[in-house]
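**Student:** Here it is: the structure, laid out below.
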There are 2 protein chains.
Amino acid sequence: MREVMKKMDIEMKLRGFEDRCRHNGLKVTPQRTAVYKALIGTDTHPTAEKVCKIVRQDISSISLDTVNRTLLTLAEIGAAFQVEGTGQPRRFDGGLEDHQHFRCIKCGKIVDFHYEPFDNIEIPVHLQGQFQIMRKTVYLEGICQTCSATTSS
Amino acid sequence: MREVMKKMDIEMKLRGFEDRCRHNGLKVTPQRTAVYKALIGTDTHPTAEKVCKIVRQDISSISLDTVNRTLLTLAEIGAAFQVEGTGQPRRFDGGLEDHQHFRCIKCGKIVDFHYEPFDNIEIPVHLQGQFQIMRKTVYLEGICQTCSATTSS
DNA sequence: TACTATATAGGGCTTACTCTTATATTCTTA
DNA sequence: TAAGAATATAAGAGTAAGCCCTATATAGTA
Ligand SMILES: [Mn+2]
Ligand SMILES: [Mn+2]
Ligand SMILES: [Zn+2]
Ligand SMILES: [Zn+2]
């Protein structure tokens, strides 16, 4: 059943996260775990503010600063990353598998997508010599269907 | 001779820019022209602040707000774009030909590069139906040589 | 259980950017 | 070419994200 699988998946990720913290000399705190859980529980590439709101359902006293700090920490230890893009409030992604993003320049929505040729692009050797590459992604920008429909009045 | 070609190229771009302004019902002001010129005169993906400094060599009284506003205007009329990436101060690019970016997460440097297979990626049909795509780029993130050298102490 | 190192909450601070308004400039049309 | 209408600019105040500081709290450990 789907739900059961999902729960197992989350449990596994949480276990991995705790290990990752320990390996990096970081304490496993309820706040950290909750932020991580909130992040992997959505595919909306949320802002710190948004994550904070979610986490406060469990830990009502968590501060926005802690959420911010924690999200940066997650990125540092490789448990998440900051989404590329151009918006003001920084956005995060807990999806570590290779995938691509489309961003709507009207509403700011960021949509995940997969496409074999993009997921599997190979970095050419001359660049590998020049840079130590840690992330690669195909980034598309434009207008989503909702916004297209709304605008054309 | 290189210099002469460069000058002709700039002249052509400026002419095109003025046309683009008029077609969009925008007045051609010294400030706008200067901001545009500054932007196409660099490949460093500058911030508004940086552009402002450059422009002030010509127009010492230009305000940072005008530079900001103008850069956004350039993006709106398609004479430039905001660079994807994750940094705080927004950065701009006047290079409209297909090209890709590498961004160093240590020093924030953004480097242009070309690679045929990346420059020519085709957007799959199922995405074209879903989104109106206005820009595509391969975005790489990592650590540049300078920062690699510095860090490994 | 007690100790040490690290994390958090809260609040103030900084900085990039946006908004407002009075003045200046472009562009049009007579 | 002069005058008028529409738009742009400069300056400064306002806003919001996120960073920094410090006293208190908590996790890991012995
Ligand atoms: Mn994603
Ligand atoms: Mn570029
Ligand atoms: Zn949209
Ligand atoms: Zn670097």
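A short reminder: the numbers here are calculations on the coordinates, not readings from a lab. Since we're looking at a predicted model, the values are computed, not measured. Counting neighbours? That spans all protein chains shown, and the Cβs are built from the backbone with ideal geometry, glycine included.
**Student:** So, by mean Cβ neighbours within 10 angstrom, what's the order for B:94-100, A:60-66 with the highest one leading?
**Tutor:** B:94-100, A:60-66
**Student:** In addition: One decimal, nm, shortest first: give the distances between the label point of B:His99 and those of the same position in the other copies, each label point 7 Å from Cα along Cα→Cβ.
**Tutor:** Here the equivalent label points are 3.2 nm apart from this one.
**Student:** Kirkwood Rh over Cα pairs of chain A into Stokes-Einstein at 20 °C, 1.002 mPa s: D in µm²/s?
**Tutor:** 124 µm²/s
**Student:** Projecting each Cα onto the charge dipole of the protein assembly as shown (Lys/Arg +1, Asp/Glu -1 at the beta carbon, about the Cα centre), which of B:Ile143, B:Met12, B:Ser60 comes out farthest on the positive side?
**Tutor:** So the residue we want is B:Ser60.
**Student:** Using alpha-carbon positions, what is the distance between the centroids of the range B:36-61 and the range A:27-61, in Å?
**Tutor:** 40 Å
**Student:** Based on C-alpha coordinates, I'd like the Rg and Dmax of the range B:1-65, in Å.
**Tutor:** 12.6, 38
**Student:** Suppose R0 equals 30 Å. What FRET efficiency, 1/(1 + (r/R0)^6) with r the Cβ-Cβ distance, do B:Thr146 and B:Asp19 give to the nearest 0.05?
**Tutor:** 0.15
**Student:** How far is A:Asp119 from the same spot in each other copy, in nm, shortest first, if each label point sits 7 Å from Cα toward Cβ?
**Tutor:** Copy-to-copy label distances at A:Asp119, shortest first: 2.9 nm.
**Student:** Under 11 Å from the Cβ of A:Gly78, count the other residues' Cβ atoms, weight Lys and Arg +1, Asp and Glu -1, and hand me the total. Spell out each step's value before the answer.
**Tutor:** Details: positive: A:Arg20, A:Arg135; negative: A:Glu76.
Here the count lands on +1.
**Student:** Sticking with this structure for a sec: Going by average Cβ neighbours within 10 Å, how do the peptides A:110-118, A:32-40, B:20-28, B:135-143 rank, with the highest at the top?
**Tutor:** Values: A:110-118: 14.8, A:32-40: 22.2, B:20-28: 12.4, B:135-143: 20.7.
Top of the packing list down: A:32-40, B:135-143, A:110-118, B:20-28.
**Student:** Output, in nm with one decimal and in ascending order, the distances from the B:Ser63 label point to the matching label points of the other copies (7 Å from Cα along Cα-to-Cβ).
**Tutor:** Going from nearest to farthest copy, the values are 3.6 nm.
**Student:** May I pose another question? Report the normalised scattering of the range B:43-97 as log10 I(q)/I(0) at q = 0.29 Å⁻¹, calculated by the Debye formula with identical scatterers on the alpha carbons.
**Tutor:** -1.24
**Student:** At q = 0.15, 0.25 Å⁻¹, what base-10 log of I(q)/I(0) does the Debye formula yield for the range A:97-153 when every alpha carbon is treated as an equal point scatterer in vacuo?
**Tutor:** -0.57, -0.98
**Student:** Based on DSSP, what percent of beta bridges with both residues in chain B are antiparallel, to the nearest 5? Please report the intermediate quantities before stating the final value.
**Tutor:** Numbers: 7 of 11 bridges.
Counting only bridges with both partners in chain B, antiparallel ones make up about 65 percent.
**Student:** Return the inverse of the average 1/r over all pairs of distinct C-alpha atoms in the protein assembly as shown, which is the Kirkwood hydrodynamic radius, in Å to one decimal.
**Tutor:** 21.7 Å
**Student:** Between B:Gln130 and A:Glu116, what is the spin-label point distance in nm, taking each point 7 Å from the Cα along the Cα→C-beta axis?
**Tutor:** 1.7 nm
**Student:** Here is a follow-up. Rounded to whole Hz and in sequence order, give me ³J(HN,Hα) for the range B:33-49 from the Karplus expression 6.51 cos²θ - 1.76 cosθ + 1.60, θ = phi - 60°, writing x for Gly and Pro.
**Tutor:** Using θ = phi - 60°, the values come out as 4, 5, 5, 4, 4, 4, 5, 7, x, 9, 10, 9, 6, x, 7, 4, 3 Hz.
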